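Student: Have a look at this one before I ask anything.
The values are calculated or read from the model by the stated rules, or taken from the named source; none is laboratory data. This is a predicted model, so every value here is computed, not measured. Please note: Cβ atoms are built from the backbone with ideal geometry, for glycine as well, and neighbour counts cover all protein chains shown.
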Number of protein chains: 2
Amino acid sequence: MAPDAVNVTRTLAQFVVASRFEDMPDNVVHEAKRALLHWIGCAVGGSHEQSVASALAAVTQFSGPPQASVFGRSERLDVLHAAFVNGVSTDVLSFSDTHPETLIHPTGVIGPALAALAEHRSVSGKQLLHALILGFDVASRVSLAVYPWHYDRGWHITGTAGAFGAGAAAGKVLGLDAERIVWALGISATAAAGLRGMFGSMCKNFHSGRAAENGLLAAFLAQQGFDSVPDGIGGPRCFAHVLGESPDLEAAVRNLGESYEVTKNTYKAYPCGVVIHPVIDACVQIAETQGFDPESVTAVEIRGNPFLIELTGRKTPTKTLEGKLSVFHSAAAALIARRIGEQEFADAFIQRRDVTALRDKVTVQPDAQIREDEAHVALKLSDGRTLRQHVEHATGTAERPMTDREIETKFRGLCEPYLPASQITSLIDRCWNITDVPDAATFAQLSRVS
Amino acid sequence: MAPDAVNVTRTLAQFVVASRFEDMPDNVVHEAKRALLHWIGCAVGGSHEQSVASALAAVTQFSGPPQASVFGRSERLDVLHAAFVNGVSTDVLSFSDTHPETLIHPTGVIGPALAALAEHRSVSGKQLLHALILGFDVASRVSLAVYPWHYDRGWHITGTAGAFGAGAAAGKVLGLDAERIVWALGISATAAAGLRGMFGSMCKNFHSGRAAENGLLAAFLAQQGFDSVPDGIGGPRCFAHVLGESPDLEAAVRNLGESYEVTKNTYKAYPCGVVIHPVIDACVQIAETQGFDPESVTAVEIRGNPFLIELTGRKTPTKTLEGKLSVFHSAAAALIARRIGEQEFADAFIQRRDVTALRDKVTVQPDAQIREDEAHVALKLSDGRTLRQHVEHATGTAERPMTDREIETKFRGLCEPYLPASQITSLIDRCWNITDVPDAATFAQLSRVS
C-alpha cells in the first residue's frame, strides 16, 4: 500500500473501536500488567520531588472537584489535573518504561490518563488493562511513523506522541465511536508538544503530564462533538508531516491487531546512568550469593566499557544527581545495600561513612572489548579470597528482561518511602489480578496516601 | 550582534520586567485600547458557536471554582478553563486582529488569559493594558524570529507563538521576576502546538484557546518554582530551532522597547473572505451616501481582482459558510443592509427573497490590473442612473486602517445578539477609558450575560 493511501488516523481509530479484550493474547495481557505495576511505582516514587510540589501548588487553586488521586500523596484533584500531576510525577525520576525502537515512554502518559478516568466513571480492571494495551500500541505506532527524524530534530517523543496513546485509551474507555476517536486523535495531534532542549529542567517532566492531560481532554472534547480533520496524524500539514519528515505512515499500521507494541516494552532496573547497570547487577549478585563483611574488602576491581569512566566517572559524589553519575558510589552502594533504588542515591546514604570507605576502594579499568551492557567485577577480601562476577547482559535489556519479581522489587523500593507495606503488597496483588478486579478505581485509591 | 550571542528568552524577560506603563507612547496605548475593544467583540460574537458549546460541555465537569467569566454567556469557570473557552470563542468567527508581518492573531490569545486573570486577582486597567502591550510585543517578536519558514512548514503561528504573549503578559501581572519569566516563556515554548492542517475543523479554534491556557499555566507554574532552561526560545533544541529553521533571533529583540509591534496591528472589517472586502466597502458607501430603492436596481456590475471569482465565486449560497465565500451574496447584502456583520451571513438572511433577488443581478468582471484590496462597483437603476464607487484600498488594510468608529461599529454588530445595548455602550466607554479603571475585572463582568 502506498503510504499516502493510508488514513492512519481512521485505521487506528477503527482498530481501537473494534478491539475486544477477549482477543488479547496472554503474553500481551501479562506484559501490560507488568507495565501497569511498574508505572504505578514510578508515579508513587516521584511524587515528592520538587517538580510535583510546584505543579501541585500551581494547579490546586484552579482544580475542580476532588475526582482523582495524586499518587503517593494525600491530595485529590479533578480528573484533568490529576492526570497532569501524576504524569509529571511519573517522569521525574527518569525511570519510566521504554519502547526501545522509538524511545517513547508510553505508560507514563497513558497510565495517568487512565487512572484518573477510572476514578471518574465505572471502569473494570479488564477495561483499564485493555485500554492500556491499545493506548500503548497507538502511541508507539505513531512514534514508529516519525522516528528517528522526529527525535533527532529535537522533539521529546513522549510529550508529542504520548497524547495519542492517552487519547486512544480514554476514547476506548469512554466508548467513543470511530469518528470521535478520529477527532480525539486529531486534537491530540494539534496539541502535540515537547522539546528535547528542555532536558535538565523540570520542563522535561511537564511533557508526560501535559501529554496525559491533552489526550484526556481530547477524548472529552471529541465526546462532546468537538471535531477535527479526517486524518490528523497523516493528513497534509498534519502531525507526521509537520513534526516528521517523509514519515513512514505504513509503519504505524503494519500488523495492526496482530502484533502488539507493548510486548517490546523494557524497564530500567536502576535509577541511574544506564552504563552502570551491569556493574550494579554484578555487585548485587555477589552480595546476595556470596557472604562477605564490607569491612574486609580490600579492593573492588571493575572492568567495563570505556563509557563507564567517560559518563559516570565521578569519584567523590556527595549529592543524589552526582551519585547517579558515579560508578564508584553505585558499586559500593550495591555491595552494601544488596540492591539499588532511590534510597541508595539519597544524599545521606551517599555520604555514609561505610559507603564512602568502600567507594574509595573501587577502581575501574576501561576495556573497549567489553560491551556497554556487560561488566566484570572482582572483590578482593582481606582473607585472600577474590569473589568474581561476570554480567553478560544487564538487567532490563532485551537479552535479559526484568523478571516479574525484579519489577516487584523495584516497585517496592519506589513505594516504600510513601506507602505502608501492606498497601504496597495489595497494589502488587491487585495488578497481577487486575482482570478480576471489577472497579479499576481501587488502583488509584491504593496508590494514594489515605 | 551575532544571532547566537542573543539569549532571546532572557532579553525579552528582562524587557517585560523593566517596562513601566508610564513609558508607553500615546499611540501604543491607543492601539492597545483598540485591540482590547476589538478582541472583546470577537470573543462575545463567537460565544454561541458549536466549538464553544462543545468545549464548555467538555470542561465544565472538571472546572474549579467559578473564578472567571465566559464572554457572551452566563457560565463562569476557573481561570484556566475560562481562558481556554474564551480563546476558542475568539477564533471561531476568524475575525481576530492580525500582526501582518507574521499572520499571528496575538490579542485572541493574550486577551483571554488577561481577562481571566483580572477576575482572579486585583488588576488595574493600566496594568491590564500594559500587560497586553507587552504580551503582544513578545508574541509578535518571537513570531518574527521564525516566520515565514514556521508558517510554511504547517504551524498555526497563533497556537504556537501565542502562548509566549499570554505567558509574558500573565507573568507581568503576577509580578514575576526575570528568572521566572524566563521559565514561563520556556514552559510556553515546550507547550507550543497547533497545526495548519486543522483548518476547516474546530481544532483551529482549539489553538488560540489552548495557547491562552498554556501561557497562563506557564506563568502560574513559574511562580511556584517550576523551572525551565535558560533560553527556551533560542537555545539548542528549543523553540526557534525545532519549530523554525535558521531562525532570525536578532529580529525578536530588534528595537526592543523602542518600537512596539501592537502599532502594526490590523483588524478585519468583515467576517468573510478578505478579497471581498473592497467590494463590500464600495457597496456600503453607495448605500450610505446615495439613496436608491433595492427593487429599482437592474444590475450590480463589479470589476475586481481575478481572485474575487477564483476564491469567492459562489453564485447561489444558502448557508453561512457558503455566503462568506460568495462575492455575489456579500455585495447584495451590503447594499441592502448598509453594513456587513455576522447577521448578514445568517442562513435566513442569505435566503431572504429581496437578498437573493438582488444577488442574481450581480456580475463580476475579473481584471488583473486591479489589486486585491481594490474594487469598482457600478449600480444600474431602472430610472437610467448609474451609481459608481471605486475603492482604492479596502478598510482594514495598512493603507486604510479601521477608524475607532468602525471598530466600535464592528464591536456592536458582534455583541448585539448576546448583550443588551446599554452593556455594549458601557464596554465601549470602559475600553476607551481603561487607564482610569481601578479594577480591570469589570471588563470581563460586562462581557458576560448576567
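Student: Considering A:THR312, A:THR316, A:THR289, which residue is of a type in the set (S, T, N, Q), assigned by TED's automatic domain parsing to the domain that holds A:HIS376 and either buried (at least 20 other Cβ atoms within 10 Å of the Cβ) or touching a Leu at 6+ places or on another chain (Cβ under 7 Å) (or both)?
Tutor: Exactly one residue qualifies, and that residue is A:THR312.
Student: Here's something else I'd like to know. Looking at region B:8-51 only, could you name the residues that are of a type outside the set (A, V, I, L, M, F, W, C), part of a helix (DSSP H, G or I), within 14 Å of another protein chain (Cβ to nearest Cβ) and touching a helix residue (DSSP H, G or I) at 6+ places or on another chain (Cβ under 8 Å)?
Tutor: Answer for region B:8-51, where residues must be of a type outside the set (A, V, I, L, M, F, W, C), part of a helix (DSSP H, G or I), within 14 Å of another protein chain (Cβ to nearest Cβ) and touching a helix residue (DSSP H, G or I) at 6+ places or on another chain (Cβ under 8 Å): B:THR9, B:SER51.
Student: Which residues, taken from region A:389-403, are exposed (fewer than 14 other Cβ atoms within 10 Å of the Cβ) and either in contact (Cβ under 8 Å) with a residue 40 or more places away in the chain or under 30 Å from A:ILE424 (Cα atoms) (or both)? It would help to see each step written out before you state the result.
Tutor: Taking region A:389-403 first, the residues exposed (fewer than 14 other Cβ atoms within 10 Å of the Cβ) are A:392, A:398-399, A:403.
Selection gives A:ALA398, A:GLU399, A:THR403.
Student: Quick one: B:THR363 ticks every box in (1) buried (at least 22 other Cβ atoms within 10 Å of the Cβ); (2) not in a loop (DSSP other than H, G, I, E, B) bar one, so which box is it?
Tutor: Answer for B:THR363: the failing condition is (1).
Student: For region B:52-72, how many residues meet the condition of being more than 7 Å from chain A (Cβ to nearest Cβ), assigned to a helix (DSSP H, G or I) and in contact with a helix residue (DSSP H, G or I) (Cβ under 6 Å, 6 or more places away or on another chain)?
Tutor: Total meeting the criteria: 3.
Student: Something else about it: Select, from A:THR425, A:THR435, A:THR442, the only residue that is surrounded by fewer than 16 Cβ atoms within 10 Å (Cβ to Cβ), assigned by TED's automatic domain parsing to the domain that holds A:LEU37 and either at pLDDT below 95 or more than 23 Å from A:CYS272 (Cα to Cα) (or both). Spell out the reasoning first.
Tutor: Working: A:THR435 fails: surrounded by fewer than 16 Cβ atoms within 10 Å (Cβ to Cβ); A:THR442 fails: surrounded by fewer than 16 Cβ atoms within 10 Å (Cβ to Cβ).
None of the other options fit; the residue is A:THR425.
Student: Moving on to the next point. Restricting attention to helices (runs of 4 or more DSSP H) lying wholly within region B:73-186, give those where 1 or more residues are of a type in the set (Lys, Arg).
Tutor: Numbers: elements: B:79-91, B:107-120, B:125-146, B:149-153, B:157-174.
The qualifying helices (runs of 4 or more DSSP H) are B:125-146, B:149-153, B:157-174.
Student: For region A:114-132, does any single residue satisfy the condition of being touching an Asp or Glu at 6+ places or on another chain (Cβ under 9 Å), buried (at least 24 other Cβ atoms within 10 Å of the Cβ) and within 14 Å of chain B (Cβ to nearest Cβ)?
Tutor: Yes - at least one qualifying residue is present in region A:114-132.
Student: Now for a different question. Take residues that are more than 18 Å from B:GLN343 (Cβ to Cβ) and without any contact (Cβ under 8 Å) to a residue 60 or more places away in the chain and tell me which of the helices (runs of 4 or more DSSP H) falling wholly in region B:248-328 contain 1 or more. Write out each step before concluding.
Tutor: Working: elements: B:249-253, B:277-289, B:307-312, B:320-323.
Filter on region B:248-328 gives B:277-289, B:307-312.
Student: Might you check whether a residue that is within 11 Å of chain A (Cβ to nearest Cβ), free of Cβ contacts under 8 Å to residues at least 24 places away in the same chain and over 26 Å from B:PHE226 (Cβ atoms) occurs anywhere in region B:139-159?
Tutor: There is at least one residue in region B:139-159 that is within 11 Å of chain A (Cβ to nearest Cβ), free of Cβ contacts under 8 Å to residues at least 24 places away in the same chain and over 26 Å from B:PHE226 (Cβ atoms).
Student: Of all residues in region A:185-223, which are over 27 Å from B:PHE220 (Cα atoms) and more than 8 Å from chain B (Cβ to nearest Cβ)?
Tutor: Residues of region A:185-223 that are over 27 Å from B:PHE220 (Cα atoms), as a first pass: A:185-186, A:222-223.
Across region A:185-223, the qualifying residues are A:LEU185, A:ALA222.
Student: Going by the conditions given, is A:PHE164 surrounded by 24 or more Cβ atoms within 10 Å (Cβ to Cβ), more than 12 Å from every other protein chain (Cβ to nearest Cβ), modelled with pLDDT of 95 or more and under 17 Å from the mean Cα position of the chain (by Cα)?
Tutor: Working: surrounded by 24 or more Cβ atoms within 10 Å (Cβ to Cβ): yes; more than 12 Å from every other protein chain (Cβ to nearest Cβ): yes; modelled with pLDDT of 95 or more: yes; under 17 Å from the mean Cα position of the chain (by Cα): yes.
Yes: the conditions hold for A:PHE164.
Student: For a quick check of your reading of the model, give me the residue pairs whose first member lies in region A:226-239 and is within 7 Å of chain B (Cβ to nearest Cβ), whose second is of a type in the set (D, E, K, R) and in a loop (DSSP other than H, G, I, E, B), with beta-carbon atoms closer than 9 Å and at least 6 apart or on different chains.
Tutor: Hits for this filter: A:CYS238/A:ASP231.
Student: Turning to a different aspect of this structure: Is it the case that A:ALA58 is without any contact (Cβ under 8 Å) to a residue 60 or more places away in the chain and surrounded by fewer than 19 Cβ atoms within 10 Å (Cβ to Cβ)? Reasoning before the result, please.
Tutor: On the way: without any contact (Cβ under 8 Å) to a residue 60 or more places away in the chain: yes; surrounded by fewer than 19 Cβ atoms within 10 Å (Cβ to Cβ): no.
Here the answer is no, as A:ALA58 does not meet what is asked.
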